[in-house]
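Engineer: Input: one structure, supplied below.
The values are calculated or read from the model by the stated rules, or taken from the named source; none is laboratory data. As the structure is a prediction and not an experimental result, all values here were calculated from the model. Note that we place each Cβ from the backbone using ideal geometry, even for glycine, and neighbour counts take in every protein chain shown.
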Amino acid sequence: MIFLHRLDRWLGRTLFHPSIIAACQLTRQTQYAVHRALWFFAFCYAAYFARELGWAWAAYVWLGAVATFVSATWFPDREVRSHGWFRFILWQLLAYDLIGLALADRVSAGIAQTLILLFAEYAATIKTIPPRRKRARRANHRKAHA
């Protein structure tokens with residue numbers, strides 16, 4: 001159990017946090033706003049494929065899309081907690097889809113959606129977003145105009 005917790009922290013800090021922090025700094029959004037926006041995007045992505053799975057699933061997905069849209073617009077900066085067990089399930093789904101891709105050449109829409117949700121969940125694990133480095137920006141600006 002301790003190994004999985006450490007692996008989860010390492011994967012988050014090395015694979016997901018740098019790109020999430022860069023996106024937060026570029027868009028001037030909090031990690032919680034990015035979390036909610038990615039969940040909304042995941043539901044919109046699922047809505048594209050929902051009609052193939054029946055009307056009940058399509059209704060559930062559209063209801064989820066509306067709920068995440070409302071959450072993202074009304075409460076963008078409200079703190080969110082991400083749970084390790086949910087990220088573990090997402091990693092299992094990703095592994096299952098990748099095995100299906102490798103063995104059967106079956107491309108699933110779930111691969112992209114699972115990656116989007118992993119980015120969203122790891123965005124919620126970031127405590128604070130560091131400020132952008134101004135000196136590096138100024139040096140790059142001077143080099144560009146020289």
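Engineer: Please find, among ALA58, ALA65, ALA47, the residue that is touching a Lys or Arg at 6+ places or on another chain (Cβ under 6 Å), of a type outside the set (Asp, Glu) and more than 16 Å from LEU115 (Cβ to Cβ).
Structural biologist: ALA58
Engineer: Can you pull out every residue in segment 114-132 that is within 9 Å of the chain's Cα centre (by Cα) and polar (S, T, N, Q)?
Structural biologist: Across segment 114-132, the qualifying residue is only THR114.
Engineer: For segment 72-118, which residues satisfy the criterion of being without any contact (Cβ under 8 Å) to a residue 24 or more places away in the chain and of a type in the set (Val, Ile, Thr)?
Structural biologist: Correct list: THR73, ILE89, ILE99, VAL107, ILE111.
Engineer: Now a separate question. At pLDDT 90 or above, among the β-branched types (Val, Ile, Thr) and out of contact with any helix residue (DSSP H, G or I) (no Cβ under 7 Å at 6 or more places or on another chain): is that true of THR73 in this structure?
Structural biologist: Yes, satisfied.
Engineer: Restricting the first residue to segment 35-46 and requiring it to be crowded, with 20+ Cβ neighbours inside 10 Å, which pairs with a second residue that is hydrophobic (A, V, I, L, M, F, W, C) and not in a helix (DSSP H, G or I) meet a Cβ separation below 6 Å and a spacing of at least six or different chains?
Structural biologist: Correct list of pairs: HIS35/VAL80; HIS35/ALA124.
Engineer: So ALA59 fits all but one of (1) touching a Ser or Thr at 6+ places or on another chain (Cβ under 9 Å); (2) more than 21 Å from PHE86 (Cα to Cα); what number is the exception?
Structural biologist: Result: ALA59 passes all but (1).
Engineer: I would also like to ask the following. Would you check which residues across segment 28-42 are among the hydrophobic types (A, V, I, L, M, F, W, C) and over 14 Å from TRP74 (Cα atoms) and list them?
Structural biologist: LEU38, TRP39, PHE41, ALA42
Engineer: Give the number of residues within segment 114-146 that are at pLDDT 90 or above, among the small types (Gly, Ala, Ser) and in a helix (DSSP H, G or I).
Structural biologist: 2
Engineer: Answer yes or no as to whether CYS24 is within 20 Å of THR128 (Cβ to Cβ) and at pLDDT below 95.
Structural biologist: yes
Engineer: Could you list all residues from segment 47-87 that are among the charged types (D, E, K, R) and surrounded by fewer than 18 Cβ atoms within 10 Å (Cβ to Cβ)?
Structural biologist: ARG51, GLU52, ASP77, ARG78, GLU79, ARG81
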